[in-house]
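All remarks here apply to the structure that follows.
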Amino acid sequence: MSPPRESTFLAACRRQAVAHTPIWVMRQAGRYLPEYRELRAKVDFESLTRQPELAAEVTLQPLRRFELDAAILFSDIMTPVQSLGVDLTFEPAPVVRNPIRTDTQIDALHELVPERDVPFVLRSIQLIRPNLPRGVPLIGFAGGPFTLLCYLVSGRPSKEFDVARSFLYAQPQSAERLLDRLADAMAAYLHAQAAAGAQALMLFESWGGLLGPGAFDRFALRAVRRTVAALRRSTDVPLIYYLNQGSALMERVADLDVDVIGVDWRTPLGKVRQVLGPHKAVQGNLDPAALFSSPEDLRRHADEVLREAGRAAREASGDIERSREARGSGEIRAAPGHIFNLGHGIWPNTDPDSVARLVDHVHERTG
Ligand code: CP3
């Protein structure tokens, strides 16, 4: 019997040496896959997330096509929020009928008891785990408290989330109160996912980059620290914090107690590493639009990300000389502490063959 293949993804989260750079894709299960669209033509989005057999099937779909190094639970950041007593529907984007804007509404939110309120999520995790390819772990996830607040206060998706952002300034105490509730609920939710079998946990702070430094610290960061502190006491799986459009905020998350920081494509990984220092892994950061380039160009764009990650890792270990050499020779190797991903979710009109080329290229180039 061959020994079980170590998970390159989990090793990279812990900044250990890897045989190749692990890769997975944000929103890897979803509408760009014909098999997802086929199922979705018969079943609405919410049912897909609430029926464990279907959620498990959709989670596994991309893994049958591509040699991805991690799976991510098929669900949504707003799924547990429904269980707090919020009247929320997926159309398929999340819409809240009575947006949460008063202390009375905030105080009326229920406590989240995962086993009681979202048993279907925990059951999905239990169904997925035994069906994963060897060495491929399952990532559980939740929304960052501030990103959840954006939807709860605005009531619907928005480009600028102006209603949510003005709420922070007009009613800062109410905002903190709501964020505390969400932070505690997500800590309980993520803990339950790990207990059910999730092997890493990711917090999506998709709209954190809308905030200036003061508001980010006071609202988004303070709340996510509360979630992370609770998780560190209750589980030892790696924690990932994805901060979209966070270039200008990187120094503020450098001491957040997580293993991995996920970044969008706006900052090269070498720069990100300079700010974060050597004690964090980084995840990212190809522009989802790059999947629309020709096969040769796609490989070139992927190489740019890999080269930046290599530079970042070498500079983090103080090996500046080797870094100069490597830059000269164009050498690319698996950089410890790098997980390849897109900088944000894959677009629904992406060609799946382009994803296949990307995954294979990252493995070949770094293996
Ligand atoms: O493959 C995976 O990544 C797992 C599944 C997943 C979904 N949503 C499924 C989904 C994950 C991790 C999410 C996270 C999520 N949901 C985020 C954070 C990540 C990000 O993209 O910034 C956010 C902000 C949401 C909120 C949300 N859910 C929106 C804005 C929308 C509508 C827009 C869209 O992308 O369609 C959803 C619906 C949703 N969540 C779909 C999927 C596959 C589309 C449903 C469908 O039409 O089938």
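Every number in this text was worked out from the coordinates using simple rules, so none of it is lab data. Note that the structure is a prediction, hence the values are computed from the model and not measured. Backbone-built Cβ (ideal geometry, glycine too); neighbour counts: all protein chains shown.
For residue 297 and residue 360, what is the calculated FRET efficiency with R₀ set at 22 Å and r taken between the beta-carbons, to the nearest 0.05? Efficiency at R0 = 22 Å is approximately 0.90. Label sites at residue 275 and residue 289, each approximated as a point 7 angstrom past Cα along Cα to Cβ, lie 2.1 nm apart. The calculated pair-distance distribution of the range 5-366 uses every alpha carbon pair, bins of 10 angstrom beginning at 0, and gives 5, 25, 35, 25, 8, 1, 0 percent. The 3J(HN,Hα) values that the Karplus relation (6.51, -1.76, 1.60; θ = phi - 60°) gives for the range 345-355 are, in residue order, x, 5, 7, x, 8, 6, 7, x, 5, 5, 5 Hz. Gly and Pro appear as x. Dividing the mean sequence gap of close Cα pairs (under 8 Å, 6+ apart) by how many residues the chain holds gives a relative contact order of 22 percent. Evaluated with a Cβ-only charge set (Lys, Arg +1; Asp, Glu -1), the chain carries a dipole of roughly 340 debye about its Cα centre, given to the nearest 20. Over the residues of the chain, the helix contribution to mean residue ellipticity at 222 nm works out to -14000 deg cm²/dmol, using -39500 (n - 2.57) for each DSSP H run of at least 4. Give the range of the longest stretch in the chain that excludes all GluC sites (Glu not before Pro) found in loop regions by DSSP and having at most 14 other beta-carbon atoms within 10 Å. Here the longest run is 161-330. Put a dot 7 Å past the Cα of residue 349, heading toward its Cβ, do the same for residue 39, and the two dots end up 2.5 nm apart. Projected label points at residue 162 and residue 126, each 7 Å from Cα along the beta carbon direction, are separated by 4.8 nanometres. In terms of other Cβ atoms within 10 Å, 159, 42, 271, 280 run from fewest to most in the order 159, 42, 271, 280.
By the count of neighbouring beta-carbon atoms within 10 Å, fewest first, 275, 362 end up ordered 275, 362.
Listing 301, 110 from the residue with the fewest other Cβ atoms within 10 Å to the one with the most, what is the order?
110, 301
For the pair residue 236 and residue 266 in one chain, pulling the backbone fully straight at 0.36 nm per residue adds 7.7 nm over the alpha carbon distance. Only lysines eight or more places from residue 271 in sequence, or on another chain, were considered; those with a Cα closer than 26 Å are 280.
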